[in-house]
């Protein structure tokens, strides 16, 4: 090809290129490109609108609504938090305005004006997400609230789109203040704290309403990187960064006109407190929390409502008295036990409940060695017998109903009864002939002396005189609980039913309160953002027995402390009344006592915890001191605690209106010429004693309480437990007799030699005083 041909070829190629370019320009003109762009935008807007219509505002996610329950002492000091999430939701009215503004300044200065969405920031976040660069900022407060409350923390395109749509809807439907409150309450601040209230507690040890501006600005700055910015854990770089962000927050507040520049200059960085472990359920805390929760449930708050969280529950527990009760148990019991090497000591469980008789407030409670070691509260359990602490209720029933002896004489403090051991009761269809402690016979005694020495035979006859059904009625009115063990028969006089220290504290508080019902109450008040707890049962109820009856029983019980089995509680530092009790085979030992200002019931229980099933065992041999009766360890614990709880003593005295009844029956100088015969030798089954001489004695003055112990004398170990029996051994027949048992269990060991009868408790080995 010559030069002319080459030139023609180039010209044809150029013309072809021009033609091709013209064709492309025909399809991609600026107008067409602009139209395509707008078309795409319209399509995107349409698609977004469809998404907007299709994506609803969902229900809150489970974690967002979970809160902890806050339990407080009566003085408002934190006792414990419970729940999986350490959160306590508070309204903006509980948060200082300057702290609110600090959060807005930190996260979203245009919060009050924007539509709830930062489109540029969201687009940037979407791009970073598509590039796999993880979590990115740029969200508004509304978007962060939506993410925390409605969605989750996943970094996906679909989740970001949902966040965008829901944020627009939430901003339209919700008030800005509500959104801000939701954001502050759902955000995570580190240290296990969710929400501003938990964060304020965790970092500064105060409630949110007590936060200062510098503290609030730190918590607002913290949200960007809680772990990195926690002052206690941060390195040099982290501390530098969080200080810079703290300054950034305050500067933004000045810029927005929320903080005066001169005031800003005076702010100093508020170093947070060192981290503290959240209060757990160790020690007595678990018992207190469980008792409070149970009371709320009993009073009508569902367990589901409580477990959902959000409650602030203030207890009546007096922090000082609670500490003093624990110290008394430690000093007078635990310090004397060898739980690791002594099999008896390992079984000892202590429980106590202390109540203000004028208000019904449970001011202290001892549930055991620790809720994490022994889950069942010894203060509220009802599986042990209260023993002779029940005897005052027999006397109260006789007084209240004007009961008479078998001779037709009225019953009062000076009424004479026959205190012969194993004396068969008269006037009962159910035979019963209990032996006294050490099988001792007293002959004619007054009711006062019988109460002092807790003479079983006297109260067995008195319950027949008053009527077992009437006695049970009185006991339930005073605060005891009914169950299958509460059997209406003469053996009931020895306290053979189940009861708790809580129950008996209510009973004795009612006596202390002159017969007006006292319902022990551990919850002072409970508040939730949606409701306030109002108890259905008032702490102080109506009169259940007359003042004269209650006061006469109190007078009798002051004698028990002065001159009887409760002498370990006697002191010139305060006036006291009380009753001891030791159940059959020494499985439980009680002291129920009170002053005009305070009622406390202390009990020991023998419990073998080596198996899953609770087994009651004897307390005999506790701390190598023989029988652990109610006048021993329980009375000493009671005395130490009461002295401290009353601030070293009290001048208060019982104001008593006492019933007087003339003596009746055999005179005090008479003595029975012959004791009733018994087929069993008293020495074959020794009973637990509660003799004052067996326990260390002490003297105490208001100024310097002292204790001068004497060596306890060992006593004979009781034989194996008698067979429990609902009917016991029959005494029917002229000579029939036998050893019955607890009248609530299996049939007892019947007697021989008589024609028998339907069977009664027989010569049941009795609970001791």
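Where a number appears in this text, it was derived from the coordinates with a stated rule and is not lab data. What you see is a predicted model, and the numbers here were worked out from it, not measured in a lab. Heads up, the Cβs are rebuilt from the backbone with ideal geometry, glycines too, and the neighbour counts pull from every protein chain shown.
Could you state the number of Å between the C-alpha centres of segment 204-239 and segment 613-635?
Each part reduced to its Cα centre gives a spacing of 54 Å.
Each label point is 7 Å from the Cα along the Cα-to-Cβ direction; what then is the distance between the points at residue 653 and residue 263, in nm?
Between residue 653 and residue 263, the simple spin-label model gives 6.1 nm.
Shape call for segment 190-298 from the C-alpha gyration tensor, a ≥ b ≥ c root eigenvalues: rounded (a/c under 1.5), prolate (a/b greater than b/c) or oblate?
On the way: a/c = 3.30, a/b = 2.01, b/c = 1.64.
Judged from the Cα gyration tensor, segment 190-298 comes out prolate (a/c at least 1.5, a/b above b/c).
How would you classify segment 295-434 from its alpha-carbon gyration tensor, with a ≥ b ≥ c the square roots of the eigenvalues: rounded for a/c under 1.5, else prolate if a/b is greater than b/c, otherwise oblate? It would help to have the intermediate numbers written out before the result.
Numbers: a/c = 2.42, a/b = 1.63, b/c = 1.48.
Since a/c reaches 1.5 and a/b is larger than b/c, the shape of segment 295-434 is classed as prolate.
Sort 227, 546 so the one with the fewest other Cβ atoms within 10 Å of its own Cβ comes first.
So the ranking, lowest neighbour count to highest, is 227, 546.
Could you give the nm distance between label points at residue 237 and residue 178, where each point is 7 Å from its Cα heading toward the beta carbon?
The answer from the label model is 4.3 nm.
For residue 209 paired with residue 482, estimate the spin-label separation in nm (one decimal), with each label point 7 Å from Cα along the Cα-to-Cβ line.
Distance between label points: 4.5 nm.
Going by how many other beta carbons lie within 10 Å of each one, how would you line up 416, 313, fewest first? Kindly include the intermediate steps, with their values, before the conclusion.
On the way: 416 23, 313 26.
In order of increasing Cβ crowding within 10 Å: 416, 313.
Determine, from the Cβ-Cβ distance of residue 406 and residue 247 and an R0 of 60 Å, the FRET efficiency 1/(1 + (r/R0)^6), rounded to the nearest 0.05. Please list the in-between numbers first.
Details: r = 92 Å, r/R0 = 1.53.
Plugging the Cβ-Cβ distance into 1/(1 + (r/R0)^6) gives 0.05.
Quick check: residue separation of residue 302 and residue 338 times 0.36 nm, minus the Cα distance between them. What number comes out in nm?
Extra length available between residue 302 and residue 338 comes to 8.8 nm.
Taking Cα centroids, how far is segment 330-389 from segment 398-475 in Å?
Centre-to-centre (Cα) distance: 31 Å.
Could you list 459, 111, 605 in order of exposure, starting from the residue whose Cβ has the fewest other Cβ atoms within 10 Å?
So the residues, fewest neighbours to most, are 111, 605, 459.
Quick one: Cα centre-to-centre distance for segment 65-83 and segment 574-596, in angstrom?
If we compute the Cα centre of each part, the gap is 34 Å.
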